Every structure is written in C-alpha cells, then in structure tokens.
Amino acid sequence: MGDLKEKLKLLPDSAGVYIMLDKDGAVIYVGKARVLKNRVRQYFHSSEKPKKVQSMVENIADFSYIVAPSEVDALALENTLIKKYKPKYNILLKDDKTYPYIKITTREEFPRILITRRIKKDGRYFGPFMGGINCRDIVDVAAKVYNIRTCGVSIGGKPKKPCLNYHLRRCTAPCAELISKEEYRECVEKTLSFLSGNYEEAEKILLEKMQKFAEEEQFELALDYRNKIQTLKRLSTRRITSMPRDVDADVWAMASNGLYAAVSVLVTRKGVMQGARTFSLEEGANERSEAFTSILTQYYTSHEIPHELILEEETDDGVLTQYAKEKSGHGVGITRPKMGVKRELLDMAAGNAREYLEKSISAIEHRSDMTVNACRRLQQLLGLAAYPKRAECYDISNISGVDKVGSMVVFTDGEADKYEYRRFKIKTVEGADDFASLQEVLKRRLSKLGTEDEDKFPKPQLIVIDGGKGQLSAVREIFDEMKITGIDLVSLAKKEEEVFTLGREESVRIDRRDYALKLLQRLRDEAHRFAITYFRNLHSKRNLQSVLDEIEGIGKSKRIALMEKFGTIDRIMKASEEELASAEGIGKELAGRIKRHFEEL
C-alpha cells in the first residue's frame, strides 16, 4: 500500500482514464475521470463503500492512468479499454448481435441501395431492422418500385452492357447510360422518402403490379408482390400514431437487484417501433450514473446513434452529448419525460427490464457456472499457470488439400468473443497436411506478439488445439522455435474427449458433466464451425451468372426466364425438376441437367 500512496500523490489534475490492476497484473477495472487525482483517491478513502467497490479495492495491487485531452476523449478511451480488457469489476454489455441497416450510398454519382451491419459516415442509413422485419424484402421493394440499383458495378468510362436486373425491371441501368443523372436522382429521392416511412406510394404501385400479374395468370409473381404489400402493412402497423414521423429515438431503462441488472432499449425510427432488446449483466463497481453512461457508450460503438435518447437514469449528459456528436456527426437530445407518449414508452422499457431481470437471474447464475467458474475450474484441473481469461482455439479445414483454411476463435472469461475471431488462408502448405497447416497458422498468429499488432492480437493465457498428441507436438515445435513463454498449450482429442497438456505424459480425463470440459468442447466446436464456414465461402464464391452459364444449354434468354420465375439462385437450386421445366423455354431435359448440376456442386 505504501507504493500506492506515493503514486496517489503524483496523480494529475487532468481528465483521463485510470486502470486498476491485481497482483498478477491483470486489469480488473477501467474508469473515466474528469479530474484523475480526485477520482482515484476516492477509492482509497476509509469511508464505507458498496460491497462490489470494496471487493475491487481489496484486490488492487497497482494502478496506471492515461491523461486525455478532454473528458469526451476519456470516455471514448475508457470504452476502448473496457472492450479490450473486459475487466472483472466493470459493468459489461455483452452485445454480440448486430442488426442490419439499409444504406443509400448518397456520395456516389449514381447511388445504390444495400444491406449492411456497419455504420460509417458515407451515406444515409435506415434501421436497424429487427423483430420479424426482413430488410431484404424492403430492398426488394425499393428495387422493384423505384428501380434503384443494388449492384456495386463502377459507373463511368465506356458504357456497360445492361445486366439481368435491367431485364427484370429492377434497375434502370445507369451503367449503360440508359437513364440521365436527373431522372436517376428522382428515383433516389423517392427511395429515400419510402425508407423514411412514406409507404403509401410504394404500396399503390405494388398493388397495381400484383393485379397486372394476376390478370396475366402469372400467379407466382402476383403472390410475391402480395407478400411485399403485407410487409409494408406490417411496418405501418408499428407506427406510433401519437409520435411525430420525424422522431428517431432510443428509449432506455435499467433494473437492478444489487448483484445483477437488466437493461432494455426500445428502438423507434421515423415514428415507427422497430423493436426492443433486453440485456442481462452483472453489476460492476461503478456508480449507477457511471455504469449507465458506460452501457450507452459500449452499445453505440456498433450501433447507430439516434437523434434522441429517452432516459430515466442520470448520466453525464454534457459529455454523452458531445461524445455522440463526435461519433455520429449530429447532435443527440437527452430527455427524461414525465408524461405523454414518451413517458409511456419509458415505462414500457422499464417494465421489460424488470420482468427480464426476474426471469433471468437463474440463467445469469447458470451462465457464470458455464463461463467464469468453468475457467477457474479448468485452471485447477489442468494446472494452468494463470486464469485463462483469453482462450484461443484453432482448427484447419480443407477437402483433398483444396482451399485450405484455418480458424482462430476467442473466448473471453468463458464466452465467445466473436469480434476477436480471425481466419487464415493457408499460403505455404502443399496438399492436405493438417499438421503443417496448423504450424503455419500458429506461426503467423504468434508472430504478432510484442509488435504493434498486439492490440489486435492480445496475448492469450491459453491456446487450445483441436486434436490429440500429434497436433499438440506440432504446435509445441512452433512454441520452441519462437521461444514462446507465458501461454499454456493444450489439445482436446474428439473421440474420447481426452485433454493433452505439455506438462503430463498421460492425458487428463474430465467428467463429461463438468462445465470445464463443456467449455473446452464449446471452444473446439466453435473453431470447427468457423473454419468450415470460411471454407464453404471460399469454395462456393461464384456469382449468379457464372453458376448458370456453366450449365450447357443455358444462355441469356433462359437465364432471364429462370430468374423471372424463381427470383433468386437459392430458389433455383431448391426447385424440383417439374418446377424448373415449367419455366419458359426450359423443358424436361434441360431441367434434369440443371438439377444434376446443382446436386454435384
């Protein structure tokens, strides 16, 4: 404590971030301060503290700090460090699900419409789409009604040949110079209006097209348009009639019992209720207002910031507003309503949070057994040098040596940390040599240690290999060659679920009901799934035209006929021979050839 007292005297009067460390040097808490000297010293005063704070203080062996230019910069840095270290005593919003947005690339000369899950300052975004609304249907409506392009073809230079979408009347082919900039701009403006909630014109046009196809006895196309109309009606029913159409707001509420908490957010865009999300989490050592500010900044790292936040909790409004402006480019209003429709929405969110907390306490406790407690148990059973806060697992996937890939999955405190996953395309190995492929992947990954890339590839406490003694020995060679220390290495053999370690001749057998073994199994299975997914993506990366053009007897007219009937390549692949033969110009023989082609892929 003597050293800490001396360090406390040297703390500056500046804004910044402080980092609390335990006896092993692990980060256990990250906090933001307007004045570092005052905030950090508060922890070491003899005054009575909440139980969680007292527990943290008792585990502080050292601390460090980073001075920031302003409190807003400190808030952003705090969020980055919490995401990086996932400290034990911070309140952590484990949000591994991002919802899709529809984006109009307004900075392009001929803007296009697309679906994305990442928000950047490069266009107009609409969403998030959640709660049963498929944004692909919305994009399809925009393409069919307003003919805005959906492809990423560059426009300029020599005019291109119109593609399939033009022939299907889903695009006006600006790449072929078949529409002027002014006419296309009008299509874009109508699309923007439609995405802003003005569905009436689109619904009218869809209805006219549906009736036309029905009269022509093209019943499948008529049914498709009817489904699109129903999608728009579902969106319309979500409109909050007493809320103005220009309101974009997130409504936040929190419930806590001192140990666990639940947070609920209702998302409204253009006066339409998009949906709701609720999170369960363990309480941290923060004050409640600090905790809620931290939750908001963690959430909006990967989500769109609306123009209004409707809250009941206290936050540092000035800092939060400035943070939102710097991140999103627009201001955000913070309101705490006492009555009216916004108060009703706030009460709804609070009710969601309370109900979720009551129902999820046992689930939260079970999750602790499956995650943090399982990590501690694994350390004990395998004699690991350190608590495996960050565990990485590797797997290799290929077919006969073709498209060889490796996967790295990361679990932090026993939970999948999908933002940290990495994929490797094998570069140096000839043929189907999994041992050599594994060595290449580990060599490439471990080479990041001690470099400027270590922020993206932090040092793990544990590496798990899918396999037995052979795979473990192959990776051990890399450890010895690169003089790697401070990382435990184990392998998990699938057949008997034996665990092999470097320090023991015999394998370790863990009871199949033990959460420690289940943790290793989850790691191994997730690495396998991630590798297989990457392999399949590489193996089947072909565009629509090339897939159909590979089939003898299919040219441009038959390709258009298939797409007019089925709409997507997936539907063509799943169609029966009879269904394929019913498309114009296909016939029974060609239908059989198409079916056999897709079965052999």
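Details
- Lys160 paired with Asp525, simple spin-label distance in nm, labels 7 Å along Cα-to-beta-carbon: 4.3
- Here the alpha carbons of the range 1-115 define both size measures, Rg and Dmax, at 19.3, 66 Å.
- As a length-normalised measure over Cα pairs under 8 Å and 6 or more apart, the relative contact order of the chain settles at 9 percent.
- Highest-first arrangement of 169-175, 21-27, where packing means the average Cβ count within 10 Å: 169-175, 21-27
- Working from Cα pairs under 8 Å separated by at least six residues, relative contact order for the range 226-322 is 28 percent.
- Considering only the range 367-499, percent of DSSP beta bridges that pair antiparallel, nearest 5: 65
- Cα Rg, Dmax (largest Cα-Cα span) when computed across the range 318-362, Å: 15.0, 41
- Shape class of the range 110-186 from the Cα gyration tensor (axes a ≥ b ≥ c, square roots of the eigenvalues): prolate, since a/c reaches 1.5 or more and a/b is larger than b/c.
- Accessible surface area normalised per residue over the chain is 50 Å², counting heavy atoms of protein chains with a 1.4 Å rolling probe.
- For the range 41-114, the list of trypsin sites (Lys or Arg not before Pro) that fall in a loop by DSSP and count at most 15 other C-beta atoms within 10 angstrom reads Lys97, Arg107.
- Chymotrypsin sites (Phe, Trp or Tyr not before Pro) restricted to the range 268-343 and DSSP loop, no more than 14 other C-beta within 10 Å: none
- Directionally averaged shadow of the range 454-512, computed from the convex hull of its alpha-carbon atoms, nm²: 4.8
- Applying both filters, DSSP loop and at most 16 other Cβ atoms within 10 Å, to the GluC sites (Glu not before Pro) of the range 259-304 gives Glu287.
- Among the protein heavy atoms of the chain, carbon and sulfur supply 48% of the accessible surface, probe 1.4 Å, non-protein parts ignored.
- Anisotropy class of the range 554-594 from Cα gyration tensor, a/c 1.5 cut: oblate
- Neighbour net charge for Gln218 - beta-carbon separation under 11 angstrom, K R +1, D E -1: -4
- Applying 1/(1 + (r/R0)^6) with r as the Cβ-Cβ distance of Asp369 and Arg336 and R0 = 45 angstrom yields a FRET efficiency of 0.75.
- Here Asp347 and Gln230 are evaluated by their C-beta separation; at R0 = 30 Å the FRET efficiency comes out at 0.45.
- Theoretical gain in end-to-end length, Ile205 to Arg117 [0.36 nm per residue, Cα-Cα removed]: 28.8 nm
- Calculated FRET value between Ser582 and Glu496, using beta carbons and R₀ = 41 Å, to 0.05: 0.20
- DSSP finds beta bridges in the chain, and of those with both partners inside it, around 80 percent are antiparallel.
- Between Glu189 and Asp13, the distance separating the two model label sites (each 7 Å from Cα on the Cα→Cβ line) works out to 5.7 nm.
- Computed from the alpha carbon atoms alone, the convex hull of the range 249-337 holds 96 Å³ per residue.
- Each residue, Asp317 and Leu178, gets one label point 7 Å from its Cα in the Cβ direction; the gap between the two is 5.5 nm.
- Across all Cα atoms of the range 171-299, the radius of gyration (one decimal) and Dmax (whole number) stand at 22.1, 68 Å.
- Charge sum, other residues only, whose C-beta stays under 10 Å from Arg170's C-beta, Lys/Arg counted +1 and Asp/Glu -1: +2
- Probe 1.4 Å - accessible area at Leu320, Å² to nearest ten: 10
- Separation of the range 307-377 from the range 460-479 is 41 Å, based on Cα centroids.
- Value in Å of the Kirkwood radius, where the chain supplies the Cα pairs that are averaged: 28.1
The values are calculated or read from the model by the stated rules, or taken from the named source; none is laboratory data. Model, not experiment: these values are computed from the prediction. In this analysis, Cβ positions are derived from the backbone assuming ideal geometry, glycine residues included, and neighbour counts consider all displayed protein chains. Please note that ligands, DNA and RNA were not included when accessible areas were found on the heavy atoms of the full protein model with its side chains. Shrake-Rupley method; radii C 1.70, N 1.55, O 1.52, S 1.80 Å.
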